[in-house]
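Enquirer: Structure provided below as structure tokens; questions to follow.
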There are 2 protein chains.
Amino acid sequence: MSACKTRTTLLLNWYANPYHTPIFIAKELGFYEKEGLHLAILEPNDPSDVTEIVGLGSVDYALKAMIHTIAAKTKGFDVISIGTLLDEPPTGLISKPEAKISTFEDLKGKRVGYIGHFGKIIVDDLFAQGGLKPTDYKAVRVGMHLIEALKQDVVDTGIGFVNFQKVECEHLFNGANFLRIDELAGLGCCCFCSVMLIGNAKKIEQNSEQTHALMRATQRAAAFTTENPEEAFKILCRAKPELNTSLQQKIFMRTLPFFSRNLLNVERDWEKVGAYTRHLKVAAEDFDQSVCYTNQYIPTIPYSDQKPVGCAL
Amino acid sequence: MSACKTRTTLLLNWYANPYHTPIFIAKELGFYEKEGLHLAILEPNDPSDVTEIVGLGSVDYALKAMIHTIAAKTKGFDVISIGTLLDEPPTGLISKPEAKISTFEDLKGKRVGYIGHFGKIIVDDLFAQGGLKPTDYKAVRVGMHLIEALKQDVVDTGIGFVNFQKVECEHLFNGANFLRIDELAGLGCCCFCSVMLIGNAKKIEQNSEQTHALMRATQRAAAFTTENPEEAFKILCRAKPELNTSLQQKIFMRTLPFFSRNLLNVERDWEKVGAYTRHLKVAAEDFDQSVCYTNQYIPTIPYSDQKPVGCAL
């Protein structure tokens, strides 16, 4: 049946959740199909695996934060960002209200959950800059399970998005404190956590037409999601019935301000995050982040679900 | 009591509605007050009055679409955009489902509502490019009352936002058709309708510190709105109790993807809209739209409701 379609793969950065809506919309509404793509959407068990798998060429495309994309490149993985799915979702240290962590000083003596290797580097840097010694806190690797770790009292706080883990924390513990990492680190933006559409650079060059098709369909779905949010959430739940809860609906709504509608890589943000990775010594002093992204696959046609019916200027 | 505060005025582009939330949040949460501003928020009865009033210096600041800001400048009004409130809200011709207007051709013989002088120019240009003669349709000025005009069967369709009038139409008539103007006109974006923070250029130069303060408070409120949407809507309703309805809540939710978080003027969008105004012969061939905006008042500090508590890189 799909003999005439191109089989390709996209690995999510996390278990499927509402911030992936445009991907599921493009799949469910047949936007990928209409572009000739038979796209398999995959989920990781450990988000730290993603860039390596893309680098090795096991999957064609994936989602990953801007800072991880740079980190992967510096490690020699052949990855490149072809666009933005989520634009600067504010990221911070999330905790239950009763933990009373509302300033940096309150973090002393606390157990701090991080996702993977790179989160540990960020946390250690933040705490060192805040004047804390490594013995003043305990970093605990929690992967995708921050909320479970808070519930089981394994950590006092941990890294997450304002539109995702903070909402889960509010829901479960009747409130949440949130210390923004960009502010703790003086970054001035949350671009380091922007979620990018990435790919294996060599494969993307080889499959240029397929990549254009992927981006056209995804941009169309991003427009659909932001212009028809209630319908988009319903369609997401059709694809992933376990998301049909009031909590997930709230996470979806909280994510609406952060979806990129044009999918563009933002140069200013890459520059800031490039400087941050050099500061963290993840990238060498002379590392140029402009090798990490391209906007050449961003569609130039209007990004909307509606076909042009009129005239061109 | 407010002797030490600077009195200033901001004229909305429309009657107060959910897309003005950041302005009301900044007022209600005292962000303007903390910046030393005593801001009077004003509403127009005819949105066509706005740029002229700003140009004459009767009010200090206002909201107005990008395209109107350029049009005002070409008419000699001394206005300038200092930032973006709403980023590319898709704009189109809205109609009841039973009108069966789903392609450009369906518009023949129809009564088309427009807001003011400039909307008429856009509609006439669209229809001329679509090959329709002026006798093939009837343009009807409806100001801010499109939905009422649809209800009273005065027009068959009219111009509005996907996140505002289209939602009202869906609510009242159990559905809405929507023909996007950017696509009819081949613009490739809805930037011509981006809602800008504008001001009287001379007054802004004279009151540079006050303008910086206004933008800091507004950006902080835009961050608050997008990061705490439920709470933001509640606060909006505290300021404007008549907005406390399920329809307005839906309009608010539909607006979330379009709030600008950083308030930046986007050069690419100004260029596109500059070209569009030259095409419409609203601006002269040699008109340079870069005189219409400045980003010098955009805060460079992190845009968040939370004060930095840590260290700077």
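Enquirer: Only one of (1) assigned to a helix (DSSP H, G or I); (2) of a type in the set (S, T, N, Q); (3) closer than 22 Å to B:I235 by Cβ is not met by B:S48, so which one is it?
Expert: For B:S48, the failing item is (3).
Enquirer: Here's another thing I want to ask about it. Being at pLDDT 95 or above and either out of contact with any strand residue (DSSP E or B) (no Cβ under 7 Å at 6 or more places or on another chain) or more than 20 Å from A:P44 (Cβ to Cβ) (or both), is that true of even one residue in region A:113-135?
Expert: There is no residue in region A:113-135 that is at pLDDT 95 or above and either out of contact with any strand residue (DSSP E or B) (no Cβ under 7 Å at 6 or more places or on another chain) or more than 20 Å from A:P44 (Cβ to Cβ) (or both).
Enquirer: If a residue must be over 19 Å from A:A40 (Cβ atoms) and open to solvent by less than 50 Å² (accessible area, probe 1.4 Å), how many such residues does region A:193-210 contain?
Expert: The total comes to 6.
Enquirer: Looking at B:I53, B:I41, which is the one that is in contact (Cβ under 8 Å) with a residue 24 or more places away in the chain, farther than 20 Å from B:T225 by Cβ, aliphatic (A, V, I, L, M) and surrounded by fewer than 22 Cβ atoms within 10 Å (Cβ to Cβ)?
Expert: After ruling out the rest, the residue left standing is B:I53.
Enquirer: Looking at B:T245, is it away from chain A (no Cβ under 14 Å), open to solvent by less than 10 Å² (accessible area, probe 1.4 Å) and of a type in the set (V, I, T)?
Expert: Taking the combined requirement at face value, the residue does not satisfy it.
Enquirer: Taking A:T294 as the residue in question, decide whether it is of a type in the set (V, I, T) and more than 30 Å from B:K250 (Cβ to Cβ).
Expert: Values: of a type in the set (V, I, T): yes; more than 30 Å from B:K250 (Cβ to Cβ): yes.
It is true that A:T294 is of a type in the set (V, I, T) and more than 30 Å from B:K250 (Cβ to Cβ).
Enquirer: Looking only at region A:131-150, which residues are under 28 Å from A:N174 (Cβ atoms) and within 14 Å of another protein chain (Cβ to nearest Cβ)?
Expert: Once the filter is applied, which keeps residues that are under 28 Å from A:N174 (Cβ atoms) and within 14 Å of another protein chain (Cβ to nearest Cβ), region A:131-150 yields only A:Y137.
Enquirer: Would you be able to tell me the number of residues in region A:154-189 that are open to solvent by 10 Å² or more (accessible area, probe 1.4 Å) and away from chain B (no Cβ under 13 Å)?
Expert: 8
Enquirer: Something else about it: Could you say whether any residue in region A:94-109 is in a helix (DSSP H, G or I), open to solvent by 10 Å² or more (accessible area, probe 1.4 Å) and within 29 Å of A:Y61 (Cβ to Cβ)?
Expert: Pass one, region A:94-109, residues in a helix (DSSP H, G or I): A:97-99, A:104-107.
Then keep just the ones that are open to solvent by 10 Å² or more (accessible area, probe 1.4 Å); that gives A:97-99, A:105-106.
Within this subset, residues satisfying the condition of being within 29 Å of A:Y61 (Cβ to Cβ) are none.
No, region A:94-109 contains no residue that is in a helix (DSSP H, G or I), open to solvent by 10 Å² or more (accessible area, probe 1.4 Å) and within 29 Å of A:Y61 (Cβ to Cβ).
Enquirer: Related question: Any residue at all in region A:254-265 that is within 11 Å of chain B (Cβ to nearest Cβ), open to solvent by 40 Å² or more (accessible area, probe 1.4 Å), out of contact with any Ser or Thr (no Cβ under 8 Å at 6 or more places or on another chain) and modelled with pLDDT of 90 or more?
Expert: Within region A:254-265, not a single residue is within 11 Å of chain B (Cβ to nearest Cβ), open to solvent by 40 Å² or more (accessible area, probe 1.4 Å), out of contact with any Ser or Thr (no Cβ under 8 Å at 6 or more places or on another chain) and modelled with pLDDT of 90 or more.
Enquirer: Part of a strand (DSSP E or B) and either at pLDDT 95 or above or over 30 Å from B:Q152 (Cβ atoms) (or both), is that true of B:H20?
Expert: So B:H20 fails the test.
Enquirer: Can I ask one more? Show the residue pairs meeting these rules: Cβ distance below 8 Å; 6+ apart or different chains; first residue within region A:273-290 and without any contact (Cβ under 8 Å) to a residue 12 or more places away in the chain; second residue among the basic types (K, R) and surrounded by 11 or more Cβ atoms within 10 Å (Cβ to Cβ).
Expert: Taking only residues 6 or more apart or on different chains, the pairs are A:E285/A:R278.
Enquirer: Hey, another quick one. Kindly provide the set of residues from region A:104-131 that are more than 14 Å from A:A185 (Cβ to Cβ), of a type in the set (A, V, I, L, M) and touching a Phe, Trp or Tyr at 6+ places or on another chain (Cβ under 8 Å), ordered by number.
Expert: A:V112
Enquirer: Test of understanding: among B:V273, B:V291, which residue is surrounded by fewer than 20 Cβ atoms within 10 Å (Cβ to Cβ), more than 10 Å from every other protein chain (Cβ to nearest Cβ), part of a helix (DSSP H, G or I) and not hydroxyl-bearing (S, T, Y)?
Expert: Testing whether each residue is surrounded by fewer than 20 Cβ atoms within 10 Å (Cβ to Cβ), more than 10 Å from every other protein chain (Cβ to nearest Cβ), part of a helix (DSSP H, G or I) and not hydroxyl-bearing (S, T, Y) leaves just B:V291.
Enquirer: Could you say whether any residue in region A:81-92 is among the acidic types (D, E), out of contact with any Pro (no Cβ under 8 Å at 6 or more places or on another chain) and within 14 Å of chain B (Cβ to nearest Cβ)?
Expert: Here is the first cut: in region A:81-92, the residues among the acidic types (D, E) are A:87-88.
Checking which are out of contact with any Pro (no Cβ under 8 Å at 6 or more places or on another chain) leaves us with A:87-88.
Now drop any that are not within 14 Å of chain B (Cβ to nearest Cβ), which leaves A:87-88.
Checking region A:81-92: at least one residue is among the acidic types (D, E), out of contact with any Pro (no Cβ under 8 Å at 6 or more places or on another chain) and within 14 Å of chain B (Cβ to nearest Cβ).
Enquirer: Applying the selection to region A:276-288, what residues are assigned to a loop (DSSP other than H, G, I, E, B) and among the charged types (D, E, K, R)?
Expert: Filtering region A:276-288 for residues assigned to a loop (DSSP other than H, G, I, E, B) gives A:280-288.
The answer is A:K281, A:E285, A:D286, A:D288.
Enquirer: Considering each of A:A213, A:A232 in turn, give the residue that is hydrophobic (A, V, I, L, M, F, W, C), within 14 Å of another protein chain (Cβ to nearest Cβ), part of a helix (DSSP H, G or I) and crowded, with 20+ Cβ neighbours inside 10 Å.
Expert: A:A232
The values are calculated or read from the model by the stated rules, or taken from the named source; none is laboratory data. Keep in mind that what you see is a predicted model, and the values were worked out from it rather than measured. Here the Cβ is made from the backbone with ideal geometry for all residues, glycine too, and neighbour counts use every protein chain on show. To get the accessible areas, we keep the full protein, side chains included, count just its heavy atoms, and leave off ligands, DNA and RNA. Shrake-Rupley method; radii C 1.70, N 1.55, O 1.52, S 1.80 Å.
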